[in-house]
Structure formats: structure tokens, C-alpha cells
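Below is one structure, written out as C-alpha cells; comments come after it.
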Amino acid sequence: MRRVTFGPVVYYQFDSLANIAGLVHGAFTRLGGTSRIPWASLNTGHTVGDDNDAVEQNHGLICAALDIARHDIVSPHQVHGTRVVVVSEGDRGKVIPETDALIAESGNLHLMLRFADCVPLFFYDPVQRAVGLAHAGWRGTLEGVAQATVAAMAESFGSRPHDLVAGIGPAIGPCCYEVGEDVAQRVRASFGLGAGATDGGILARRANDRWHLDLWEANRRQLERAGVHRMEVAEMCTACRRDEWFSHRAEQGKTGRWGAVIGLRE
């Protein structure tokens, strides 16, 4: 990914998506906003205890950085599920309830989700000119939100999986993401591993003898299962890099949410 600055605001773009005419996207760091500690400073979450005026100002800074209008953004209320919603002109400015993935093909309609360790999945279909954005924590990953998003784009827009370009954004890495035996068992079941088995690419025991889950690789494999082969993985750990990212795990839940945006210009 490439690092971009707009005044004090810092965000990242995927190399594979950065130079496409009409495509707008960014994974915005915690830097350059107006929120105070513990939400300092570019918090986009309205439900974490931050001052609402500060959050709205932060949204405005993101819009200015991408040169998009605030009322052209659609956002969901994320619940760690697999529901995918197709949004269109009538959804501008709305918050879609109980949804973890949005897809669209309308110009000047931009999708925005919020993160603090979970995986953002960016989708672009250069043939049908459509976009998608999904939220994949461990539950959404194992339940197949990546595959559900690909399937929804195919059904709604005629997208072919092999045409899609996907970006797996910053998230807590396998270096920091310890999980218990219950989650490890669900990972084994989802990926067809035997009882007690490890998979060096997804599930492994680290030096502390605890299970560590690689959400980046898990989502990469889920996308591969869905027929997507053009992928870029950020490999940025939000828990390691709290200087740039919010991390729910590393900050014991007292933190903000960084924003991910994707959309198309007319």
C-alpha cells in the first residue's frame, strides 16, 4: 500500500487500485483528526463514547481528503455478520442496519465502514464498474463474509469473480492475535483441519504456547475459494502500529474506529 497525506490526515491506498480513473478509496489512519484521547484523533465511530461534533468533523476531513461529498456516503451498523446489502441512489447519507458488507455500482456513491482490528475487504470490478466493502472479524471471516460479498456482486451486477480486484486492508496480525481453543476449533472446522491441528498460514502456536490466528491469510483463502485471484494484502498490524491505527485488542477496548472508504465517480 502507498501512504498518502492530505494536510494532517494520513491514509493508505492499494497500489492495485490507486491509479484507476474514477475509483476513490482509502484506509484512513487515526492521524489528523479532532478527537481527544482515547479516541485521538481521526475517530469515525459514533458509538464509542467520543464527542459527536468531533466525529462529524473527522468525517468531513476524510471527505475533503478524497474530494467527496458527505451526503454521498452510505455506511452500515456493523454486527460481525455476513449480511450484504446492495445500495443505490436512494441510500445516500443512510446508515444501513445490521450489515457488514455493502456493494454498489452507482457513481458518486461512496461506501464507508469502520475498523479497529477487524479486516477491511475492498472490492472493485473493472468490467461492470462496481465496488464493495466488507467487515471481517473472526466471526465474519469464518462465516464467509468475503464469499458472500463476491456472490452478491455476481448476483446483483453480473460480476465474475476472476475479474474482481480485492484488497485486504490493515488489521490485527498473527503476531498479536491470540485466540482461545474455542475459536481455534472453529477455524479448524471452517478450513478442514484435523482436531488439534495447526496450519502455519492460518492457525499456529507461537512461543507463548497460545493459538494465533492470521486473519489476513484466512480471508485471502476465503477469497480464493470464491474464485478471486487478483488480491493485494496490506500486511499492516493494527495492534503493532498503534501510532497509526486504532486497535480494540491492544487498547483494551478504549479506542476509536478508523474509516475505510471506496466508491466511484461519475
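Computed from the coordinates by the stated procedures, all read-outs in this text should not be read as laboratory data. Quick caveat: nothing in here was measured; it's all calculated off a predicted structure. FYI the Cβ positions are ideal-geometry reconstructions off the backbone, even for glycines, and counts take in every protein chain you see.
Tabulated data for the structure shown
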| read-out | value |
| --- | --- |
| Set V150, V131: member being touching a helix residue (DSSP H, G or I) at 6+ places or on another chain (Cβ under 6 Å), surrounded by 20 or more Cβ atoms within 10 Å (Cβ to Cβ) and in contact (Cβ under 8 Å) with a residue 12 or more places away in the chain | V150 |
| Residue satisfying condition, being surrounded by 19 or more Cβ atoms within 10 Å (Cβ to Cβ) and without any contact (Cβ under 8 Å) to a residue 60 or more places away in the chain, within set D182, D117, D125 | D125 |
| Scan of segment 207-225 for residues that are assigned to a loop (DSSP other than H, G, I, E, B) and in contact (Cβ under 8 Å) with a residue 24 or more places away in the chain, ordered by number | N208, R210, D214 |
| Every residue from segment 9-58 that is loosely packed, with under 13 Cβ neighbours inside 10 Å and either within 16 Å of the chain's Cα centre (by Cα) or in a loop (DSSP other than H, G, I, E, B) (or both) | D15, N19, A21, G22, R36, I37, T47, G49 |
| Residue within segment 64-80 that is crowded, with 16+ Cβ neighbours inside 10 Å, free of Cβ contacts under 8 Å to residues at least 60 places away in the same chain and either among the polar types (S, T, N, Q) or assigned to a loop (DSSP other than H, G, I, E, B) (or both) present | yes |
